[in-house]
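We did not get these values from a lab; they are worked out from the coordinates using the rules stated. Predicted model only: the values in this text are computed from it and were never measured. Heads up, the Cβs are rebuilt from the backbone with ideal geometry, glycines too, and the neighbour counts pull from every protein chain shown.
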Amino acid sequence: MSEAYDLVIIGGGPGGYVAAIRAAQLGLKTAIVEKRGALGGTCLNVGCIPSKALLQSSHHFEVAETEFASHGIKASVSLDLKTMLGRKEKVVQDLTQGVEFLMKKNKVDYVIGEGQITQPGEVTVKPAKKGGKKQILKTQNIIIATGSDVAPLPGVAIDEKQIVSSTGALSLGQVPKNLVVVGAGVIGLELGSVWRRLGAKVTVVEFLDHILPGMDGDVSKQMKRTLSKQGMDFKLSTKVTGAKTAAKPGGGVTLTMEPVAGGKKETLKADVVLIAIGRRPFTGGLGLDKIGVEIDERGFVKVDEDFQTNVEGIFAIGDVIGGAMLAHKAEDEGVVCAEIMAGQSGHIDYNTIPGIVYTWPEAASVGKTEEQLKEAGVAFKAGKFPFTANSRARCNADTDGFVKILADATTDAVLGCHIVGPEAGDLIQEVVVAMELSASAEDIARICHGHPGLSEAVKEAALAVDGRAIHI
Ligand code: FAD
Ligand code: NAI
């Protein structure tokens, strides 16, 4: 088959499918090529969505087990893991089918199979099924949106049964007695929380001397305190050097590890080990070397500010180009890339992309951390407000955490916000808007916030920047 398109997108994740919709809205004849058999990419199939479905279910389970009694509710609680996993699958299926519907609605051709760029302006699609026909799609422009894949730990083979990646950890058939998580990043803490809530003893082994690298130091410290209180164990400054699976099926895994600074080796036994040490760009099978698309030393596709690679007519967006590996970042790049292609101008302010960790409490961040401002020599004021002093948090019995706002010492412009607390991921959005509109801390402090509301903690932190919080 030979088709002429304005745009062919390879990869149907949040970057690719959002770019497809925006391109179609702008009148571009568009096709999207996806090999996994479902749209939505990592995010909808094995990432954001199934993890958040399990986080919600396991949170309900823990609250019912440990907090209902204090509210005067008597209930006997037991776990039906099969139903919990089935519900997660259903959420994934509904949403991925929803994306397929959006393709139809926007008249985007959805081509199932593995796409290869055989020459600029040509994508060859290998059929997903045996006996299927190879398709050649002729096109003006191509967007590479092939995302990322699990970063392996050298010397440790992932079997997705006993040594699992995030994908395996989303579908464990039973709650492990002992789960060891390698990596105290976002995946480690979110999926570690899921299985701890359901009954696993969770130990997180982290190379660095702190958890959640890249987040504000206060957030990292508070999260470690809170998660430890919840029963998660941390072994920091520790390097995993190997993992051996017992010969007997289901016989567990023995991990060997040593202090990063050097010293005595030790071993740790686990029923299941989750490797969560980051993700790496995925460009396998695209044929980039043959057509000369440049990638950097870490494998990310190199692009300019218009998402154009070094080969004319070939663009790239999302996880595969690096930066924050987040679905909303990929989506925004998809929109802007399509708009630029259609002759419009576009721009993304990477400083105002929020990052959220969906544990309970949640952790959320936007803009600069205190450490970054100090390093850059920027004079700033910090306003901090604890959820213990927020009336709604007290009603809800969710008082762990704080809101911290960082503002320029001279202009009062908001430079960053860091929250640990209930619904932090939603609360941060107010500060994202404020920063996009170049607001000052005073601007946030002067806005009326509904009472009793968690967002009053944001207002109080803004007031605290000027030393005039009301409720502390
Ligand atoms: P992807 O979503 O990875 O999509 C790329 C697609 O391209 C894949 O479907 C792949 O099959 C397809 N593909 C690759 N090569 C080819 C080819 N040659 N031909 C055809 N198809 C191809 N981010 C958040 O913002 N919030 C979260 O809560 C969150 N939770 C996460 C939880 C987990 C467990 C994981 C693993 C990730 C999470 N992320 C989260 C990150 C998020 O999933 C990614 O940032 C996002 O999916 C990146 O989108 P993308 O479109 O760039 O790539
Ligand atoms: P990450 O980069 O967040 O964390 C990896 C952690 O592993 C780091 O703390 C690192 O120091 C540690 N580490 C690396 N090598 C190690 C080793 N050998 N031994 C011990 N520790 C080691 O990566 P993670 O958690 O795998 O997530 C991947 C990506 O997925 C992230 O970039 C994140 O943006 C995205 N994601 C986003 C979510 C969200 O937005 N809520 C949820 C889950 C994933």
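Couple of notes before you dig in:
- Net lengthening on full extension, Y350/Q97 (0.36 nm per residue, minus Cα-Cα): 88.1 nm
- Legend: translational diffusion of segment 1-158 by Stokes-Einstein, Rh = Kirkwood radius over C-alpha pairs, 25 °C, 0.890 mPa s; D = 136 µm²/s.
- Ratio of Rg to Rh over segment 352-465 (Cα coordinates, Kirkwood Rh, two decimals): 0.95
- Summing +1 for each Lys or Arg and -1 for each Asp or Glu among the other residues whose beta-carbon sits under 14 angstrom from that of K265 gives +2.
- For segment 352-465, the dipole from Cβ point charges (+1 on Lys and Arg, -1 on Asp and Glu) about the Cα centre works out to 220 debye, to the nearest 20.
- Within the chain, helix-based [θ] at 222 nm, where runs of 4 or more DSSP H residues each add -39,500 (n - 2.57), nearest 500: -9500 deg cm²/dmol
- Reachable aspartates and glutamates from K126, criterion Cα separation under 19 angstrom, eight or more residues apart if same chain: E3, E34, D109, E114, D289
- FRET efficiency for the pair H328 and K244, taken as 1/(1 + (r/R0)^6) with r the Cβ-Cβ distance and R0 = 45 Å, rounds to 0.70.
- Sequence-ordered 3J(HN,Hα) estimates for segment 166-171 from the Karplus curve with 6.51, -1.76 and 1.60 and θ = phi - 60° stand at 4, 4, x, 5, 8, 9 Hz, glycine and proline given as x.
- Residues I117, I291 arranged by fewest to most Cβ contacts within 10 Å: I291, I117
- Three-way shape label, segment 261-339, alpha-carbon gyration tensor, a/c 1.5: prolate
- Additional length obtainable on full extension of the chain from R298 to K201, 0.36 nm per residue less Cα span: 31.4 nm
- Nearest-20 debye value, the chain charge dipole, Cβ charges on Lys, Arg, Asp, Glu: 1980
- Among V320, V181, V156, the order by Cβ neighbours within 10 angstrom, fewest to most, reads V156, V320, V181.
- The chain: relative contact order in percent, alpha carbon pairs under 8 Å with at least 6 residues between: 14
- For segment 163-277: rounded, prolate or oblate by the Cα gyration tensor [a/c cutoff 1.5]: oblate
- Above-threshold pairs, the threshold being 22 Å between Cα atoms, out of K88/K129; K235/K265; K52/K248; K88/K130; K90/K229; K35/K129: K88/K129; K52/K248; K88/K130; K90/K229
- Between the C-alpha center of segment 109-162 and that of segment 262-327 there is a gap of 15 Å.
- Taken as Cα centroids, segment 52-91 and segment 6-37 sit 37 Å apart, rounded to the nearest whole angstrom.
- Relative contact order of segment 163-277, defined on C-alpha pairs under 8 angstrom at six or more residues apart (%): 33
- Antiparallel DSSP beta bridges within the chain, percent to nearest 5: 60
- Placing a label point 7 Å from the Cα of S237 along the Cα-to-Cβ direction, the residues of segment 156-191 with a backbone N closer than 17 Å are 184.
- Charge-dipole axis of segment 227-361 as Lys and Arg at +1 and Asp and Glu at -1 on Cβ define it, positive-most pick from V336, G299, G250: G250
- When only Cα pairs below 8 angstrom with a gap of at least 6 residues are kept, segment 195-256 shows a relative contact order of 35 percent.
- Cut-off 12 Å (backbone N to label point 7 Å along Cα→Cβ of E89), residues of segment 9-45: none
- Dipole in debye (nearest 20) - segment 163-277, about Cα centre, beta carbon charges: Lys, Arg +1; Asp, Glu -1: 400
- Largest-first principal axis extents, alpha carbons of the chain, Å: 67, 63, 49
- Extreme residue, positive dipole direction of segment 27-120, given options Q97, C48, V63 (C-beta unit charges): Q97
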